[in-house]
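Below is one structure; the comments refer to it alone.
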Amino acid sequence: MFGGIDPALLIAALMVNSVPIMLAATGELVVEKAGVLNLGVEGMMIMGAICGFVTAVVTGNPYFGFVGGALGAVALSAVFGVLTQVLQTNQVATGLALTLFGLGLSSLIGQSYVGIKPPATGDLALGPLADIPFLGVAVFSHDWMVYASILLVAGVWWVLKYSRMGLVLRAVGESHEAAHALGYKVTRIRFLAVLFGGALAGLGGAYVSLVRVPQWTDGITAGAGWIALAIVVFASWKPWRVLAGAYLFGGISVLQLNLQAAGSAIPVEYLSMAPYLITILVLVIMSSGRGKAALAAPACLGQNFHASR
Amino acid sequence: MKRRTLLATAALGLGLTFGGAAMAQDKTKACFVYVGPIGDGGWTYQHHQGALAVQEAFGDKVEIAFQENVPEGADAERVLTQMALSGCNIIFTTSFGYMDATNAVAAKFPDIKFEHATGYKREHPNVSTYNARFYEGRAVQGHIAGKMTKSNKIGYIASFPIPEVIMGINSYYLHAKKVNPAVELSIVWAFTWFDPAKEADAAKALIDQGVDVIASHTDSTAPLAEAAKTNGAVIGFGQASDMAEYKDGPRVSSIIDNWAPYYVKRVSALMDGSYAQADAWEGIAGGEVEIGEITALVPAEVKAEAEAMRDAIAAGTYHPFTGPINKQDGSVWLADGAVAPDGDLLGMNFYVEGIVGEIPQ
Amino acid sequence: MLRLEKRASPSVFWERASPFLAVALTMVAGGIMFWILGKNPFEAIRTIFWDPLFNDQFAAYSRPQLLVKAAPLILIAIGLSLGFRAGIWNIGAEGQYIMGAIFGAAAGLAVYPVESRLIFPVMIVAGAFGGFLWAMIPALLKTVFRTNEILVSLLLVYVAQNILAMMALGALRNPEGGGFPGSRNLSQIPSMANPELVAGTGMHWGVVAAFMAVIAGYILLQRHILGFQIKLAGQAPKAARFAGVSPARLVVMCLGISGVLAGLAGVFEVTGPAGQISIDFNVGYGFTAIIVAFLGRLNPVGILFAGLLMALTYIGGELAQLMLGLPSAAIQAFQGMLLFFLLGTDLLTNFRVRLAKREVA
């Protein structure tokens, strides 16, 4: 116990808190690794939230809900993909428009779903693991998406680092001209990356409406997508650092609320801006201590590509 | 002042050009400006229910129009002016932040009635204000909380440190303390009216601290959803709307903002010509604050006591802020038997004795 | 299959015509959406695009409001466009806008109730400085520590929002406001107000500043060495370095200018249309301005038109809600569609669409 706060409960809370951001940020990382900057994460997340919610309510099955959420966001990300990859639109502007569109559309779809409870997503029964002192409460008493999201981070890390697919993806993001010259289909690869990013953002959104706050209300993701974007940069486009960044941000967000609940003497107004300030501070420390290459964004990030032959 | 003259000229121009449109109607048009989406399930949702009640009550004689998601400030002034130009006869502005915009537009359209919720400025004869005594509901909740807590720790998720919220915290705490002297209150300031994920986190933080009764002053049902995950260990209350979907779970009662009686009354007065400027601040008695059904989780005797308190407040025989009450620093606020003047409540910026912590500045 | 072929030089015809094509396509797609929602599509489209400009009932009021709504968007977008051209990503104009308003308001309120002609100019300078200061944080962190400016500027928006809430509740709170959040109404204090300069035109100092920014931006990009360096750094970073362009200086200049302009937008807004510092003072101009900047193809004159078009959809959207009962969500989705089409049809400027036998990647 420190300051009246139980660390096991704190860890448990931050693991749940971080899931939506972590999922969305992992998806966006893949998109950006392929050289595409999609600022529409918030819009895709909220589409995932409503589509997941509707699917879960209609089918009565939370697992279908997550599938529906992912598909809903994939559909929206496809709009982004067509616009930026086929019609060569500016990625920053298209991403922001995507968020606007997603917020509006989700609210239209959700009009008759306010005040309904979705089917519950239960905790995963981990048997004896859940009885381990400290770790049982902190780590082994969550729903399956908590673990699935960590596995997804691991999977993305492995694929990017060791697989041929990852190599091609990175090549496309670092130099689309060279990748094209080698015969890779730049547009197609980027399009698929965008869809993957949409799917993960959708899962993150569905997690908000199905697990974290099991309900639908307009604007339920409340800016989580923007934080996810910041986390990708924070992570310097490295998957494990996305996990670290999401846990850091989520951890401080949870900690500040816990400190308040425990009656801490630190003024509330400073506590409530702490997650943002500390995230900036940590990135400054990391960026000042390392070589330039370690922090560099994919070289072609945000640039459009058109095969001229 | 030069500016005043300019404004007056503009107003005259607008009035001359468009005054006719508003007059020529036989239907009464009631308009509503909302700060959030109707789908917020809380504050705006309840105001919209009030608007629908007006339509229901008068049928063809009334036309309603509304606009959601109107930001406070410059946009509000424009929206209000457009409403006035569109022929609204009475305009309800349903958020505190519309105060200056309401008064500014009211100056330009003296024939249109403006009703501003939760504010205090009535600079023109055609501006009325209305609010509800939510603290009366908080008293009932506090009583239930004090009786129901097993850990003697109760929690409050607060939005922003404004008198409205502080009033609620004080009322909740005083009545919990009255029936359970050992009770401790933990307050979490979310610094938002609406952020379901953050509200859920705040509830979780309170629960992790051992709190087993949670009241909230934010708009979503997220705190109840979080409490529901404890399988009955933690209870809470519906806020703004009944939040009946959690009735079989943690929601043991609720405060319902019921604007319908007021809206119907005002529109009716406008139609029959008895309308007059007002500063309405009604509570349980006027039907604006409703105590939602107290569920079976609450023992019958506690339920009976809570309902007796509700009825006493409604009958005017009990005021939730009746002395002796000291301020947090120990100084006397209300002497024995004294009842809080409305002015004190409307500007409340202190905790009562016993609450730990400071109000954020 | 259709195939794209890059034009040797951009088509002048399509550069002019594509926005009209986009609006036409949006009318079709949006009309279908409105029809699905059970509204008359023709009426809805007319209300959004036509009524704010030409409706007898509204236009006299709405037309000048276009300028009021567009001014902050244009002002901020001009600043952002410089950085975007040079590959410097200031995503946090919203925060700089907030800080401009806070600094400006604080400078004025610090000497309240002194009246002097000097106060307003000092507030404007303070506002510009506030925005500048806030933009210098990411600028210096980028130049000294190579910290990514996207992350820093974005997260500082949230910090600025927290400071805004603190100010509205604390230091800048109106002492005569009965404990409610929000500063004094600056637009009602003659020496601090930013009034309409010519009645019925919507022209206030912020609109003047926006027009001046468009002209200055145009001159800067066409005639000034800094404009040349910005364009060079964006198109050929290596060449820029050979030409002696200091990347650090460019970062500081671009972020500084956009910070100043966002700060100015903030202070003009808080002294004029918005009137006061309140918790919800900011309504997303800083983010919308990013879209405006790109819709205007990072070109000052283009930004002017893009800002006015955005403002038209906001105001027309409000009228559509009011008159036709369209949900605000439908308007948001409609705006999103319009942006998609505007961005998408731009393709025709740079590419020729040809029929092709085989698919080409």
How large is the Rg to Rh ratio of the stretch A:18-117 when both quantities use alpha carbon positions and Rh follows Kirkwood? 1.00
Per residue of A:227-237, other chain Cβ atoms within 10 Å number on average 3
Where labels lie 7 Å past Cα in the beta-carbon direction, separation of C:Ala110 and C:Ile32 in nm: 5.7
Which value, in Å³ per residue, describes the convex hull spanned by the Cα atoms of chain A? 146
Its Cα gyration tensor gives the protein assembly as shown an equivalent ellipsoid whose semi-axes in whole Å, largest first, are 44, 36, 27
Between A:Leu151 and B:Asn231, what FRET efficiency comes out of the Förster formula 1/(1 + (r/R0)^6) with R0 = 35 Å and r the beta carbon distance, rounded to 0.05? 0.80
Max mean-square fluctuation residue, GNM over chain C, Cα-Cα springs under 10 Å, options C:Ser328, C:Ser62, C:Ser191: C:Ser328
Under the Karplus relation with 6.51, -1.76 and 1.60 and θ = phi - 60°, whole-Hz ³J(HN,Hα) for the stretch C:9-14, x at Gly and Pro, equal 9, x, 6, 5, 4, 6
Taking placed amide H atoms and a strict 5 Å upper bound, the residues 5 or more places from C:Thr147 or on another chain that come that close are C:Lys142
For the stretch A:144-156, in residue order, the Karplus 3J(HN,Hα) values (coefficients 6.51, -1.76, 1.60; θ = phi - 60°; whole Hz; Gly and Pro = x) are 5, 5, 4, 6, 4, 5, 5, 4, 5, 4, 4, x, 4
Beyond 26 Å, what share of the Cα-Cα pairs of the stretch C:1-120 is found? Please give it as a whole percent. 57
Please work out whether the stretch B:197-266 counts as rounded, prolate or oblate from its C-alpha gyration tensor, where a ≥ b ≥ c are the square roots of the eigenvalues and a/c under 1.5 means rounded, while otherwise a/b larger than b/c means prolate and anything else oblate? prolate
Using just the helices of chain B, give the 222 nm mean residue ellipticity in deg cm²/dmol: DSSP H runs with n ≥ 4 each add -39,500 (n - 2.57), and the total is spread over all residues, rounded to 500. -13000 deg cm²/dmol
Under the 7 Å Cα-to-Cβ spin-label approximation, C:Glu176 and C:Ala216 lie apart by a distance in nanometres of 3.5
Translational D in µm²/s for the stretch A:64-153 (Stokes-Einstein at 20 °C, 1.002 mPa s, Kirkwood Rh from C-alpha pairs): 130
Kirkwood Rh and Cα Rg combined as Rg/Rh, the stretch B:224-299: 1.19
Would you calculate the volume per residue, in Å³, of the smallest convex hull containing every Cα atom of the stretch A:151-190? 61
Can you give me the convex hull volume of the Cα atoms of the stretch C:31-92, divided per residue and expressed in Å³? 136
Using every Cα-Cα pair within the stretch C:67-324, state what percent have a distance larger than 32 Å. 21
Can you give the calculated 222 nm mean residue ellipticity of chain A, where each DSSP H run of n ≥ 4 adds -39,500 (n - 2.57) and the sum is split over every residue, rounded to the nearest 500 deg cm²/dmol? -22000 deg cm²/dmol
For chain C, build the charge dipole from Cβ charges (+1 Lys, Arg; -1 Asp, Glu) around the Cα centre, then report which of C:Leu82, C:Leu140, C:Ala240 sits farthest towards its positive end. C:Ala240
Roughly what angle does helix B:74-85 make with the longest principal axis of chain B, taking Cα atoms, 0 to 90 degrees, to the nearest 10? 50
Furthest towards positive pole of dipole, A:Ile278, A:Gly115, A:Ala178, structure part chain A, Cβ charges: A:Ala178
What angle do you read, to the nearest 10 degrees and between 0 and 90, between the alpha-carbon axis of helix B:2-23 and the longest principal axis of chain B? 80
So what are the three principal axis dimensions of the stretch A:156-277 from its Cα atoms, in whole Å, longest to shortest? 62, 30, 21
Would you mind giving the mean number of other chain beta-carbons within 10 Å of the Cβ of each residue in A:104-112, as a whole number? 6
Quick check on packing: order C:135-147, A:211-223, C:110-122 by the mean number of other C-beta atoms within 10 Å, highest mean leading. A:211-223, C:135-147, C:110-122
Rounded, prolate or oblate: which fits chain B, taking a ≥ b ≥ c as square roots of the Cα gyration tensor eigenvalues, rounded meaning a/c under 1.5, else prolate when a/b beats b/c? prolate
Quick one: if the Förster radius is 22 Å, what FRET efficiency do A:Val159 and A:Trp240 give, using the C-beta to C-beta distance and rounding to 0.05? 0.95
List residues of the stretch B:153-189, by number, whose backbone nitrogen lies under 14 Å from a label position 7 Å along Cα→C-beta of B:Tyr120. B:162-167
Could you list B:Ser151, A:Ser272 in order of exposure, starting from the residue whose Cβ has the fewest other Cβ atoms within 10 Å? B:Ser151, A:Ser272
Label A:Thr59 and B:Asp26 with points 7 Å out from Cα along Cα→Cβ: what is the distance between them in nm? 5.5
Where the only charges are on Cβ atoms (+1 Lys, Arg; -1 Asp, Glu), what is the dipole of chain C about its Cα centre, to the nearest 20 debye? 1600
Span from the the stretch C:70-86 Cα centroid across to the the stretch C:90-106 one, whole angstrom: 14
For a quick protection proxy, order the peptides B:205-213, B:58-66 by their average other-Cβ count within 10 Å, most packed first. B:205-213, B:58-66
If one builds a Gaussian network model of chain C from Cα atoms under 10 Å apart, the most fluctuating residue listed among C:Gly234, C:Gly325, C:Gly104 is C:Gly325
Taking R0 as 25 Å, what's the FRET efficiency between A:Val86 and C:Ala236 from their Cβ-Cβ distance, rounded to 0.05? 0.40
Kindly express, to the nearest 10 degrees and within the range 0 to 90, the angle between helix A:7-33's C-alpha long axis and the longest C-alpha principal axis of chain A. 10
Would you work out which of C:Leu221, C:Val157, C:Gly259 lies farthest towards the positive end of the dipole of the protein assembly as shown, given +1 charges on the beta-carbon of Lys and Arg and -1 on that of Asp and Glu, about the Cα centre? C:Leu221
Taking the convex hull of the alpha-carbon atoms of the stretch C:272-361 and averaging its shadow over every direction gives an area in square nanometres of 9.6
Rounded, prolate or oblate: which one fits the stretch B:237-361, using the alpha carbon gyration tensor with axes a ≥ b ≥ c (rounded when a/c is under 1.5, else prolate when a/b beats b/c, else oblate)? oblate
Per residue of C:177-190, other chain Cβ atoms within 10 Å number on average 5
Once you charge only the Cβ atoms, +1 for Lys and Arg and -1 for Asp and Glu, what is the size of the charge dipole of chain B about its Cα centre, to the nearest 20 debye? 580
Quick check: the distance between the Cα centres of the stretch C:315-350 and the stretch B:241-295, to the nearest angstrom? 37
Write down Rg/Rh for the stretch C:148-238, rounded to two decimals, with Rg from the C-alpha atoms and Rh from the Kirkwood relation over Cα pairs. 1.15
Treat every Asp and Glu Cβ in the stretch C:133-275 as -1 and every Lys and Arg Cβ as +1, leave all other atoms uncharged, and give the resulting dipole magnitude about the Cα centre to the nearest 20 debye. 700
Express as a percent, rounded to the nearest 5, the fraction of DSSP beta bridges in the protein assembly as shown (both residues included) that run antiparallel. 30
Can you list residues whose amide H is under 5 Å from B:Trp189's amide H, if they're 5+ apart or on another chain and H is modeled 1.01 Å from N? B:Ala158
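Readers should treat all values here as calculations from the given coordinates under stated rules, not as data from a laboratory. Please read all numbers here as calculations on a predicted model, not as lab measurements. We place every Cβ from the backbone using ideal geometry, glycine too, and count neighbours over all the protein chains shown.
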